[in-house]
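All remarks here apply to the structure that follows.
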Amino acid sequence: MKNSKSTLIIGLGQTGLSVAKYLFKKNESFYITDLSLFPSGLDTVKGFLDKKRILLGGFNLELLKEIGEIIVSPGISQDNKIILRALSLNIPVITDFDIFFSESKSKIILVTGTNGKSTVVEMLEMILKLRHNKLSICAAGNIGLPVLDLLDKDPDISILEISSFQLALTNNIRSNISVLLNVDEDHLDWHESFHEYKKAKKKGF
């Protein structure tokens, strides 16, 4: 998005599709790749993206010479071969949260933790709507609604559930209030160690 090269989206689930819609609206050049031959967002993205730019079942690393930035969907391993090669070539790797933090003008409440994130986000949304009924208040993130889907609404307050995966791969985190509910050993197959898991959680602050 910052030069003449294309953006690469890794993962064509709910978040990847949201990013694709965002880039299409911005008239940006981009590719999407997913290991699955039938990812959940495939039918929708076929409606607005050239099929030559939808790369399923694998990715030719030689294509990275055309890529200026990579946007990663939740759950993609940090050891993904595309990410590792991109980093070795100094290609920026970001998440949809990076874009949201840089573009949204809303106040942000960031909620993370091993357990209870979605419940707390839903409770906060309900309580704040009751207390501040003249403000626009929305919940998004790992709770289900991708954060980029909030940009058009640009609510007064955004309550965002963010997972350890998203925290680890997001570069420029911004919040007015950050909430850490609890930390227990979890997702160690992805983070490799409890230390790395805790390190990701701390990035919310």
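If Lys199 passes every condition in (1) modelled with pLDDT under 85; (2) under 23 Å from Lys21 (Cβ atoms); (3) open to solvent by 70 Å² or more (accessible area, probe 1.4 Å) but one, which one does it miss?
Here Lys199 meets the rest and fails (2).
Being open to solvent by less than 70 Å² (accessible area, probe 1.4 Å), free of Cβ contacts under 8 Å to residues at least 60 places away in the same chain and in contact with an Asp or Glu (Cβ under 7 Å, 6 or more places away or on another chain) is the filter; apply it to region 129-145 and report the residue that is farthest from Ala168 (Cα to Cα).
Ranking the qualifying residues of region 129-145, first place goes to Ser136.
Which members of region 159-178 meet the condition of being more than 15 Å from the chain's Cα centre (by Cα) and either of a type in the set (Gly, Ala, Ser) or outside any loop (DSSP other than H, G, I, E, B) (or both)?
Looking only at region 159-178, we keep the residues that are more than 15 Å from the chain's Cα centre (by Cα), and these are 175-178.
Matches in region 159-178: Ser175, Ile177, Ser178.
Would it be correct to say that Leu148 is part of a helix (DSSP H, G or I), open to solvent by less than 30 Å² (accessible area, probe 1.4 Å), aliphatic (A, V, I, L, M) and at pLDDT 95 or above?
yes
So how many residues does region 1-60 have that are farther than 16 Å from Ile71 by Cα and among the acidic types (Asp, Glu)?
Qualifying residue count, region 1-60: 2.
The values are calculated or read from the model by the stated rules, or taken from the named source; none is laboratory data. Values in this document were obtained by computation on a predicted structure and should not be read as measured data. Cβ sites come from the backbone with ideal geometry, for glycine too, and all protein chains shown count toward neighbours. When the accessible area is computed, the model is the full protein with side chains, heavy atoms only, and any ligands, DNA or RNA have been set aside. Shrake-Rupley method; radii C 1.70, N 1.55, O 1.52, S 1.80 Å.
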